[in-house]
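Structure record follows, encoded as structure tokens.
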Amino acid sequence: MINYNKLLFAGPFGAGKTTAIRAISNSAPISTGTPISTGPEGEKTTTTVAMDYSFINMEGTTVHVYGMPGQDRLAFMRGILMEGAIGAILLLDAAQPSLNDDLQSWLKSLAALSPGPPIVIGLPKPNLHPPPSL
Ligand SMILES: Nc1nc2c(ncn2[C@@H]2O[C@H](COP(=O)(O)OP(=O)(O)O)[C@@H](O)[C@H]2O)c(=O)[nH]1
Ligand SMILES: [Mg+2]
């Protein structure tokens, strides 16, 4: 396996993966987004159906950044994208009542991948929720 410097963003639909990738990238990310079939959810009008991709230049090293699709029906993509990754950043929306369930199910889903990646958990949208207690 080549060392590909590949970093994954994981987490449920609406957690903020695509937004985070766009914010840290050196180029506009390629996002395979499609309109949400049931219509816009707040400001969110599209959903990622295969992956997001972009890259960051860090002191001469390129880190390739991928975003996993959040929807369960696209879970088969997670293992494909994770291959060769150095780690995953699990983003969760702490304003959602499903926060605890989302945390459990995503940790389980990521731990089931082989080899299980190192995981960092991030809670975006700090302006929209008080600090959560888990
Ligand atoms: N206020 C706020 N909104 C955010 C933040 N990150 C994402 N969002 C919004 O949350 C929604 C879902 O974000 P998106 O990146 O599409 O989520 P994804 O489904 O995980 O890729 C969008 O309407 C974003 O504009 C944040 O840090 N603060
Ligand atoms: Mg997305």
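When you scan segment 1-14, how many residues do you find that are open to solvent by 50 Å² or more (accessible area, probe 1.4 Å), modelled with pLDDT of 75 or more and more than 9 Å from ligand 1 (Cβ to nearest atom)? Qualifying residue count for the region: 1. Remark: Asn127 matches the filter, which requires a residue to be farther than 13 Å from Ala10 by Cβ and free of Cβ contacts under 8 Å to residues at least 24 places away in the same chain. In this structure, Leu74 does satisfy being in contact with a strand residue (DSSP E or B) (Cβ under 7 Å, 6 or more places away or on another chain) and modelled with pLDDT under 85.
Take Gly87 and decide whether it is touching a residue at least 24 places away in the same chain (Cβ under 8 Å) and away from ligand 2 (no atom under 15 Å from the Cβ). When the stated conditions are applied, Gly87 passes them.
The values are calculated or read from the model by the stated rules, or taken from the named source; none is laboratory data. Every value quoted in this text rests on a predicted model; they were computed, and no experiment measured them. Cβ: placed from backbone, ideal geometry, glycine included. Neighbour counts: every protein chain shown. Protein only, heavy atoms only, side chains kept; ligands, DNA and RNA dropped before computing areas. Shrake-Rupley method; radii C 1.70, N 1.55, O 1.52, S 1.80 Å.
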